[in-house]
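Comments concern the structure below.
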Amino acid sequence: MAKLFTYLLFFLAIFLIISPVLSLPLKIGFYQKTCPSVEAIVRSTIKTALINDPGSPAALIRLHFHDCFVRGCDASILLDSAPSNQAEKDSMGNKGVQGFQVIDEAKAKIEAQCPNTVSCSDILAFAARDSVTLAGGHYYDVPSGRRDGRVSYMAEVTKNLPDAFFNVTQLKENFARKGLSMEEMVTLSGAHSIGDSHCSSFSKRLYSFNKTFAQDPSMDPSYASFLKTKCPRQLNTRTGPDPLVPFDPVTPNRLDNNYYKNLKSSRGLLASDQVLWNNILTRRIVKGNVNHPRTWAAKFAAAMVQMGSIDVLTGKQGEIRKNCRVVN
Ligand code: HEM
Ligand SMILES: *[C@@H]1O[C@H](CO)[C@@H](O)[C@H](O)[C@H]1NC(C)=O
Ligand SMILES: *[C@@H]1O[C@H](CO)[C@@H](O)[C@H](O)[C@H]1NC(C)=O
């Protein structure tokens with residue numbers, strides 16, 4: 001009897017030790033009982049943000065991507081730097097990321113209704129989904145139950161995010177490290193159908209490509225001439241202006257397959273966009289997306305769900321932040 005008791009105590013101790021690290025799968029409707037209006041609150045906040053700023057859906061989709069690729073979708077990108085720590089958002093790799101105040105607004109409304117219940121990482125995932133839908137993409141259900149991380153390091157950003165001058169091999173490897181396929185990489189790159197880029201992210205393609213070509217020969221010359229009117233040759237990103245240029249000059253705020261049509265006509269903005277057409281393996285996928293816009297939209301929605309599940313914290317891991325900018 002005493003022996004049985006010892007065994008039970010032993011297993012109880014083991015359970016108590018491992019339970020905080022046990023992770024659970026994400027679940028559609030995770031807040032159905034605890035905060036039934038959460039998704040409606042996020043949606044109305046995103047709608048209002050869109051009225052004030054047509055660029056907000058692009059900002060929020062990129063914010064979710066940059067969150068998920070660094071330490072998983074744990075809202076680490078939302079944490080502010082502290083005197084003792086430089087956070088992800090202050091890395092050069094996060095140049096131009098915006099949308100933080102939209103998430104703050106949604107969080108404040110949600111805390112007023114359901115305090116200490118909904119994670120910032122789930123709010124960001126819902127916000128990205130609503131942004132996709134409002135920009136013209138497919139609706140998709142967002143599995144939720146993410147928890148918020150407690151750390152954010154500036155130094156982890158550029159090691160985990162793809163670079164705008166990566167070739168297909170590098171892009172493929174970068175996405176593979178996050179559990180995403182080459183096809184998902186091409187599918188998700190279609191997000192560059194909306195939003196804009198600073199000249200500094202691509203101006204090397206216009207003025208100082210390589211030793212042989214000042215201008216990237218894979219870019220349509222008339223598109224390059226147009227971009228040169230927007231982007232000054234002498235770009236000093238510290239002191240001078242660094243103008244913004246839309247990714248898709250045709251339908252800049254519409255999440256559609258025009259991005260792939262642009263690649264086909266050598267009008268990809270970033271080098272990492274255009275290589276998807278220039279590489280034989282990915283060109284096949286780009287062609288498919290040019291010819292089958294609805295299939296691409298469905299693949300995009302599915303790939304966003306995949307991206308939203310990268311290295312998530314669940315169960316008792318992490319915490320539910322009260323304020324998305326600081327740990328509890
Ligand atoms: C494939 C590798 C990728 C690279 C190299 C890349 C790189 C970049 C760069 C350099 C910018 C412009 C930043 C600036 O200068 O302001 C940008 C913007 C953007 N990226 Fe990506 N990106 C990639 C994939 C993705 C993915 C997977 C998504 C989302 C699913 C995404 C969504 C966006 C959006 C929406 C913008 C515009 C943001 C805005 O207007 O506020 N990107 N990206
Ligand atoms: C891609 O870039 C890497 C690193 O610069 C290089 O080693 C590799 O050969 C390149 N691959 C292709 C297909 O160009
Ligand atoms: C410059 O780029 C072109 C086109 O990508 C390439 O064919 C050429 O080998 C490159 N030249 C040098 C010196 O890297």
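If you sort D220, D311 by accessible surface, 1.4 Å probe, largest first, the order is D311, D220. Among the listed pairs K47/K109; K27/K178; K264/K287; K89/K172; K89/K159, which are separated by more than 18 Å between their Cα atoms? Those over the limit are K27/K178; K89/K172. Could you compute how fast segment 168-306 diffuses translationally, taking Rh as the Kirkwood radius over C-alpha pairs and applying Stokes-Einstein at 10 °C with viscosity 1.306 mPa s? Give it in µm² per second. D = 102 µm²/s.
State the percentage of accessible surface on the chain attributable to carbon and sulfur atoms; use a 1.4 Å probe and exclude ligands, DNA and RNA. Exposed carbon and sulfur together represent 58 percent of the surface. Once the 1.4 Å probe is applied to the protein heavy atoms, the chain comes out at 49 Å² accessible per residue. For the chain, the relative contact order is 27 percent, taking Cα pairs closer than 8 Å that sit 6 or more residues apart in sequence and dividing their mean separation by the residue count.
How high is the FRET efficiency between K230 and T34 when r is their beta carbon distance and R₀ equals 51 Å, given to the nearest 0.05? That pair, K230 with T34, gives E of 0.60.
Over the chain, dividing the summed -39,500 (n - 2.57) contributions of all DSSP H runs of at least 4 residues by the number of residues returns a 222 nm mean residue ellipticity of -14000 deg cm²/dmol. A viscosity of 1.306 mPa s and a temperature of 10 °C, combined with the Kirkwood radius over Cα pairs in Stokes-Einstein, give a translational diffusion coefficient for the chain of 75 µm²/s. Measuring nothing but how far apart in sequence close Cα pairs (under 8 Å, 6+ apart) lie, relative to its length, segment 185-328 scores a relative contact order of 28 percent. Within straight-line reach of K261, meaning a Cα separation under 12 Å, sit the following aspartates and glutamates at least 8 residues removed in sequence or on another chain: D248, D273.
Remark: the L281-L24 segment gains 88.9 nm on full extension, using 0.36 nm per residue and subtracting the alpha carbon distance. Taking 0.36 nm per residue of separation and subtracting the current Cα-Cα distance, fully stretching the chain between A164 and E105 would add 18.1 nm.
The values are calculated or read from the model by the stated rules, or taken from the named source; none is laboratory data. Computed from a prediction, not measured in an experiment: that's the story for all the values here. Counting neighbours? That spans all protein chains shown, and the Cβs are built from the backbone with ideal geometry, glycine included. These accessible areas exclude ligands, DNA and RNA; they are computed on the full protein's heavy atoms, side chains included. Shrake-Rupley method; radii C 1.70, N 1.55, O 1.52, S 1.80 Å.
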